[in-house]
There are 2 protein chains.
Amino acid sequence: MPPLDPEMFDPACPSSVMPIRIGEKWSAMVLICLEHGPRRFTEIRTPLRGITPKVLTGTLRALERDGLVTRTAYLEIPPRVEYELTPLGRTLLEPIAACRAWAQNHLPQLLEAREAYDHRVSG
Amino acid sequence: MPPLDPEMFDPACPSSVMPIRIGEKWSAMVLICLEHGPRRFTEIRTPLRGITPKVLTGTLRALERDGLVTRTAYLEIPPRVEYELTPLGRTLLEPIAACRAWAQNHLPQLLEAREAYDHRVSG
DNA sequence: GGTACTTGTTACTTCAACGATACTGAGTTA
DNA sequence: TAACTCAGTATCGTTGAAGTAACAAGTACC
(Lines give C-alpha, C1' and ligand atoms only; values in the text may rest on other atoms or scores of the structure.)
Protein backbone atom coordinates (compact mmCIF):
# COMPACT_ATOMS: atom_id res chain seq x y z
CA MET A 1 0.00 0.00 0.00
CA PRO A 2 1.57 3.29 -1.08
CA PRO A 3 1.81 6.15 1.41
CA LEU A 4 -0.79 8.89 1.29
CA ASP A 5 -0.04 11.77 -1.00
CA PRO A 6 0.57 14.78 1.26
CA GLU A 7 -0.91 16.96 -1.44
CA MET A 8 -4.05 14.93 -1.93
CA PHE A 9 -6.20 17.69 -0.49
CA ASP A 10 -5.94 21.22 -1.73
CA PRO A 11 -4.94 23.60 1.07
CA ALA A 12 -7.69 25.91 -0.12
CA CYS A 13 -9.84 22.87 0.28
CA PRO A 14 -12.66 22.77 -2.27
CA SER A 15 -14.90 20.88 0.08
CA SER A 16 -14.78 23.70 2.58
CA VAL A 17 -16.78 25.90 0.26
CA MET A 18 -19.38 23.30 -0.58
CA PRO A 19 -22.79 24.83 -0.21
CA ILE A 20 -24.55 22.01 1.52
CA ARG A 21 -23.66 19.39 4.02
CA ILE A 22 -25.14 15.98 4.29
CA GLY A 23 -26.71 16.11 7.65
CA GLU A 24 -26.78 19.83 7.77
CA LYS A 25 -29.92 21.03 9.26
CA TRP A 26 -31.67 22.70 6.36
CA SER A 27 -29.91 23.45 3.05
CA ALA A 28 -30.40 20.11 1.36
CA MET A 29 -34.01 19.95 2.47
CA VAL A 30 -34.72 23.37 1.04
CA LEU A 31 -33.29 22.35 -2.33
CA ILE A 32 -35.42 19.23 -2.31
CA CYS A 33 -38.49 21.36 -1.64
CA LEU A 34 -37.76 23.28 -4.82
CA GLU A 35 -37.33 20.16 -6.92
CA HIS A 36 -40.67 20.38 -8.70
CA GLY A 37 -40.87 24.10 -9.31
CA PRO A 38 -40.85 27.52 -7.64
CA ARG A 39 -42.10 27.77 -4.10
CA ARG A 40 -43.00 30.57 -1.74
CA PHE A 41 -41.39 31.30 1.61
CA THR A 42 -44.28 30.05 3.69
CA GLU A 43 -44.72 27.05 1.45
CA ILE A 44 -41.16 25.91 2.05
CA ARG A 45 -41.51 26.56 5.72
CA THR A 46 -44.35 24.08 6.21
CA PRO A 47 -42.56 20.77 5.65
CA LEU A 48 -39.52 22.10 7.49
CA ARG A 49 -41.41 22.06 10.71
CA GLY A 50 -39.66 24.00 13.36
CA ILE A 51 -37.49 26.19 11.17
CA THR A 52 -37.69 29.78 12.27
CA PRO A 53 -38.11 32.49 9.65
CA LYS A 54 -34.74 33.89 10.54
CA VAL A 55 -33.00 30.60 9.85
CA LEU A 56 -34.93 29.97 6.65
CA THR A 57 -34.07 33.43 5.41
CA GLY A 58 -30.42 32.80 6.14
CA THR A 59 -30.46 29.45 4.41
CA LEU A 60 -32.16 30.84 1.31
CA ARG A 61 -29.78 33.80 1.16
CA ALA A 62 -26.80 31.46 1.29
CA LEU A 63 -28.22 29.33 -1.51
CA GLU A 64 -28.95 32.43 -3.55
CA ARG A 65 -25.45 33.73 -3.01
CA ASP A 66 -24.01 30.49 -4.33
CA GLY A 67 -26.14 30.67 -7.46
CA LEU A 68 -28.23 27.65 -6.52
CA VAL A 69 -31.60 29.36 -6.20
CA THR A 70 -33.12 32.56 -7.48
CA ARG A 71 -35.34 34.90 -5.50
CA THR A 72 -38.13 36.74 -7.28
CA ALA A 73 -40.16 39.31 -5.37
CA TYR A 74 -43.50 40.48 -6.77
CA LEU A 75 -44.66 43.93 -5.78
CA GLU A 76 -48.01 42.91 -4.44
CA ILE A 77 -49.90 43.22 -1.20
CA PRO A 78 -49.57 40.93 0.63
CA PRO A 79 -46.04 40.37 -0.67
CA ARG A 80 -45.20 37.37 -2.76
CA VAL A 81 -41.70 35.97 -3.16
CA GLU A 82 -40.80 32.91 -5.14
CA TYR A 83 -37.69 30.78 -4.84
CA GLU A 84 -36.60 28.57 -7.67
CA LEU A 85 -33.72 26.24 -8.45
CA THR A 86 -31.16 27.45 -10.96
CA PRO A 87 -29.73 24.94 -13.43
CA LEU A 88 -26.67 24.80 -11.19
CA GLY A 89 -28.83 24.11 -8.16
CA ARG A 90 -30.59 21.38 -10.06
CA THR A 91 -27.30 19.56 -10.66
CA LEU A 92 -26.91 19.30 -6.91
CA LEU A 93 -30.00 17.16 -6.60
CA GLU A 94 -28.06 14.20 -7.91
CA PRO A 95 -25.40 13.93 -5.18
CA ILE A 96 -28.06 14.80 -2.62
CA ALA A 97 -30.09 11.87 -3.86
CA ALA A 98 -27.06 9.61 -3.53
CA CYS A 99 -26.68 10.66 0.08
CA ARG A 100 -30.34 10.25 0.84
CA ALA A 101 -30.23 6.77 -0.66
CA TRP A 102 -27.28 5.92 1.55
CA ALA A 103 -29.14 7.13 4.60
CA GLN A 104 -32.19 5.19 3.56
CA ASN A 105 -30.20 1.98 3.28
CA HIS A 106 -27.63 2.26 6.04
CA LEU A 107 -28.88 4.58 8.72
CA PRO A 108 -30.36 1.85 10.91
CA GLN A 109 -26.98 0.14 10.91
CA LEU A 110 -25.24 3.36 11.88
CA LEU A 111 -27.67 4.09 14.69
CA GLU A 112 -27.28 0.57 15.96
CA ALA A 113 -23.50 0.96 16.05
CA ARG A 114 -23.86 4.28 17.80
CA GLU A 115 -26.14 2.88 20.45
CA ALA A 116 -23.86 -0.10 21.03
CA TYR A 117 -20.89 2.24 21.37
CA ASP A 118 -22.64 4.52 23.81
CA HIS A 119 -23.69 1.51 25.80
CA ARG A 120 -20.12 0.28 25.97
CA VAL A 121 -18.57 3.54 27.07
CA SER A 122 -21.07 4.70 29.69
CA GLY A 123 -23.47 1.95 30.55
CA MET B 1 -47.75 21.53 -9.27
CA PRO B 2 -49.00 19.78 -6.14
CA PRO B 3 -48.37 21.35 -2.75
CA LEU B 4 -45.51 20.11 -0.66
CA ASP B 5 -46.24 17.23 1.63
CA PRO B 6 -46.02 18.60 5.17
CA GLU B 7 -44.75 15.21 6.28
CA MET B 8 -42.08 14.90 3.63
CA PHE B 9 -39.33 15.16 6.21
CA ASP B 10 -39.30 13.00 9.28
CA PRO B 11 -39.44 15.10 12.44
CA ALA B 12 -36.65 12.94 13.81
CA CYS B 13 -34.90 13.91 10.64
CA PRO B 14 -32.62 11.16 9.36
CA SER B 15 -30.28 13.61 7.78
CA SER B 16 -29.57 15.22 11.12
CA VAL B 17 -27.74 12.12 12.27
CA MET B 18 -25.74 11.67 9.10
CA PRO B 19 -22.12 11.14 9.98
CA ILE B 20 -20.51 13.27 7.36
CA ARG B 21 -21.23 16.54 5.77
CA ILE B 22 -20.31 17.58 2.32
CA GLY B 23 -17.98 20.39 3.00
CA GLU B 24 -17.47 19.47 6.58
CA LYS B 25 -14.00 20.15 7.62
CA TRP B 26 -12.59 16.67 8.13
CA SER B 27 -14.82 13.58 8.30
CA ALA B 28 -15.10 12.86 4.60
CA MET B 29 -11.43 13.49 4.06
CA VAL B 30 -10.50 11.06 6.81
CA LEU B 31 -12.65 8.36 5.25
CA ILE B 32 -11.01 8.96 1.90
CA CYS B 33 -7.59 8.59 3.53
CA LEU B 34 -8.61 5.12 4.66
CA GLU B 35 -9.86 4.05 1.26
CA HIS B 36 -6.90 1.85 0.39
CA GLY B 37 -6.30 0.19 3.74
CA PRO B 38 -5.53 0.81 7.40
CA ARG B 39 -3.64 3.94 8.32
CA ARG B 40 -1.97 5.27 11.41
CA PHE B 41 -2.79 8.48 13.25
CA THR B 42 0.22 10.40 12.03
CA GLU B 43 -0.19 9.04 8.52
CA ILE B 44 -3.71 10.43 8.28
CA ARG B 45 -2.59 13.68 9.78
CA THR B 46 -0.11 14.44 7.04
CA PRO B 47 -2.41 15.11 4.06
CA LEU B 48 -4.85 16.88 6.37
CA ARG B 49 -2.42 19.70 6.81
CA GLY B 50 -3.41 21.88 9.66
CA ILE B 51 -5.60 19.48 11.58
CA THR B 52 -4.71 19.50 15.23
CA PRO B 53 -4.35 16.21 17.10
CA LYS B 54 -7.31 17.09 19.26
CA VAL B 55 -9.59 17.58 16.28
CA LEU B 56 -8.34 14.48 14.49
CA THR B 57 -8.91 12.43 17.63
CA GLY B 58 -12.43 13.79 17.91
CA THR B 59 -13.16 13.12 14.26
CA LEU B 60 -11.89 9.56 14.46
CA ARG B 61 -13.82 8.89 17.66
CA ALA B 62 -17.03 10.09 16.04
CA LEU B 63 -16.46 7.86 13.02
CA GLU B 64 -15.68 4.94 15.31
CA ARG B 65 -18.82 5.56 17.32
CA ASP B 66 -20.90 5.42 14.17
CA GLY B 67 -19.38 2.11 13.16
CA LEU B 68 -17.60 3.57 10.14
CA VAL B 69 -14.02 2.93 11.22
CA THR B 70 -12.31 0.59 13.65
CA ARG B 71 -9.47 1.51 15.95
CA THR B 72 -6.81 -1.07 16.74
CA ALA B 73 -4.14 -0.25 19.30
CA TYR B 74 -0.98 -2.34 19.43
CA LEU B 75 0.80 -2.57 22.75
CA GLU B 76 4.14 -1.39 21.53
CA ILE B 77 6.57 1.31 22.35
CA PRO B 78 6.25 3.77 20.79
CA PRO B 79 2.51 3.17 20.51
CA ARG B 80 0.96 2.15 17.23
CA VAL B 81 -2.71 2.59 16.42
CA GLU B 82 -4.37 1.68 13.16
CA TYR B 83 -7.62 2.98 11.80
CA GLU B 84 -9.52 1.05 9.16
CA LEU B 85 -12.78 1.37 7.30
CA THR B 86 -15.56 -1.00 8.29
CA PRO B 87 -17.77 -2.46 5.53
CA LEU B 88 -20.36 0.14 6.53
CA GLY B 89 -17.81 2.91 6.26
CA ARG B 90 -16.81 1.62 2.85
CA THR B 91 -20.37 2.02 1.57
CA LEU B 92 -20.11 5.71 2.37
CA LEU B 93 -17.33 6.17 -0.16
CA GLU B 94 -19.88 6.04 -2.95
CA PRO B 95 -21.99 9.08 -2.02
CA ILE B 96 -18.83 10.89 -1.02
CA ALA B 97 -17.48 10.26 -4.50
CA ALA B 98 -20.69 11.65 -5.98
CA CYS B 99 -20.24 14.83 -3.99
CA ARG B 100 -16.59 15.14 -4.87
CA ALA B 101 -17.47 14.72 -8.51
CA TRP B 102 -20.06 17.46 -8.21
CA ALA B 103 -17.52 19.77 -6.63
CA GLN B 104 -15.00 18.91 -9.30
CA ASN B 105 -17.43 19.80 -12.06
CA HIS B 106 -19.39 22.72 -10.65
CA LEU B 107 -17.37 24.43 -7.99
CA PRO B 108 -15.90 27.08 -10.30
CA GLN B 109 -19.43 28.03 -11.31
CA LEU B 110 -20.49 28.29 -7.68
CA LEU B 111 -17.52 30.42 -6.73
CA GLU B 112 -18.16 32.67 -9.68
CA ALA B 113 -21.77 33.16 -8.57
CA ARG B 114 -20.63 33.85 -5.05
CA GLU B 115 -18.13 36.43 -6.15
CA ALA B 116 -20.66 38.14 -8.39
CA TYR B 117 -23.17 38.21 -5.55
CA ASP B 118 -20.70 39.67 -3.10
CA HIS B 119 -19.73 42.25 -5.66
CA ARG B 120 -23.35 43.27 -6.12
CA VAL B 121 -24.19 43.64 -2.45
CA SER B 122 -21.13 45.45 -1.18
CA GLY B 123 -19.17 46.77 -4.09
C1' DG C 1 21.43 13.51 30.89
C1' DG C 2 18.73 15.35 27.28
C1' DT C 3 15.95 14.81 23.28
C1' DA C 4 12.84 12.65 20.07
C1' DC C 5 9.06 9.56 18.80
C1' DT C 6 3.94 8.28 18.92
C1' DT C 7 -0.67 8.90 20.26
C1' DG C 8 -2.93 11.18 22.37
C1' DT C 9 -5.21 14.44 26.80
C1' DT C 10 -6.52 18.71 29.19
C1' DA C 11 -7.79 23.49 29.73
C1' DC C 12 -9.06 27.58 27.63
C1' DT C 13 -10.96 30.43 23.98
C1' DT C 14 -13.45 31.71 19.65
C1' DC C 15 -16.96 31.56 16.29
C1' DA C 16 -20.84 30.35 13.56
C1' DA C 17 -25.17 28.01 13.46
C1' DC C 18 -29.24 27.43 15.51
C1' DG C 19 -33.23 28.76 18.23
C1' DA C 20 -37.13 31.46 20.89
C1' DT C 21 -39.78 35.30 20.93
C1' DA C 22 -41.45 39.46 19.50
C1' DC C 23 -42.27 42.83 16.10
C1' DT C 24 -42.93 45.44 11.33
C1' DG C 25 -45.44 47.36 7.12
C1' DA C 26 -49.17 47.91 3.87
C1' DG C 27 -53.36 46.85 2.41
C1' DT C 28 -57.57 44.03 2.71
C1' DT C 29 -61.31 41.96 5.00
C1' DA C 30 -64.94 41.54 8.92
C1' DT D 1 -61.38 49.44 14.46
C1' DA D 2 -59.50 45.28 14.80
C1' DA D 3 -57.72 41.23 12.84
C1' DC D 4 -55.44 38.95 9.10
C1' DT D 5 -51.90 38.06 5.33
C1' DC D 6 -46.98 37.44 3.88
C1' DA D 7 -42.25 37.84 4.13
C1' DG D 8 -39.50 38.81 6.59
C1' DT D 9 -36.31 41.81 10.99
C1' DA D 10 -34.60 42.55 15.62
C1' DT D 11 -32.83 41.02 19.80
C1' DC D 12 -31.12 37.82 22.76
C1' DG D 13 -29.45 33.43 24.24
C1' DT D 14 -27.68 28.48 23.62
C1' DT D 15 -24.83 25.01 21.65
C1' DG D 16 -21.28 22.61 19.43
C1' DA D 17 -17.39 22.50 16.47
C1' DA D 18 -13.00 24.06 16.00
C1' DG D 19 -8.65 26.13 17.25
C1' DT D 20 -4.40 27.14 20.53
C1' DA D 21 -1.19 25.69 23.67
C1' DA D 22 0.77 22.90 26.87
C1' DC D 23 1.58 18.44 28.71
C1' DA D 24 2.17 13.04 29.34
C1' DA D 25 4.44 8.21 29.27
C1' DG D 26 7.85 4.82 28.04
C1' DT D 27 11.65 3.73 25.39
C1' DA D 28 15.47 4.53 22.23
C1' DC D 29 19.03 7.24 20.50
C1' DC D 30 23.01 10.60 20.95
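Below, the figures for the structure above:
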item: Inter-copy label distances at A:Asn105 (7 Å, Cα→Cβ; nm, one decimal); result: 1.9
item: Calculated label separations, B:Arg49, copies of the chain, 7 Å along the beta-carbon direction, nm; result: 4.8
item: Those aspartates and glutamates that a straight Cα-Cα span of less than 14 Å connects to B:Lys25, excepting residues fewer than 8 apart in one chain; result: A:Asp10, A:Glu24
item: Pseudo-label separations to other copies for A:Ala73 - Cα-to-Cβ vector, 7 Å, nm; result: 5.8
item: In segment B:36-84, the GluC sites (Glu not before Pro) that fall in loop regions by DSSP, at most 11 other Cβ within 10 Å; result: B:Glu76
item: Using θ = phi - 60° and Karplus 6.51 cos²θ - 1.76 cosθ + 1.60, couplings along segment B:78-89 (whole Hz; Gly, Pro as x); result: x, x, 9, 10, 10, 10, 9, 5, 7, x, 4, x
item: Solvent-accessible area per residue for chain B (1.4 angstrom probe, square angstrom); result: 56
item: Pairs of Cα atoms farther than 25 Å apart, segment B:14-122, %; result: 32
item: Chain B: relative contact order in percent, alpha carbon pairs under 8 Å with at least 6 residues between; result: 22
item: Charge dipole (segment B:14-122, unit charges on Cβ, about Cα centre) - positive-most of B:Pro108, B:Leu31, B:Ile51; result: B:Ile51
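The values are calculated or read from the model by the stated rules, or taken from the named source; none is laboratory data. This one's a predicted model, so the numbers in the text were calculated from it and none came from an experiment. All Cβ positions, glycine included, derive from the backbone under ideal geometry; neighbour counts span all protein chains shown. Please note that ligands, DNA and RNA were not included when accessible areas were found on the heavy atoms of the full protein model with its side chains. Shrake-Rupley method; radii C 1.70, N 1.55, O 1.52, S 1.80 Å.
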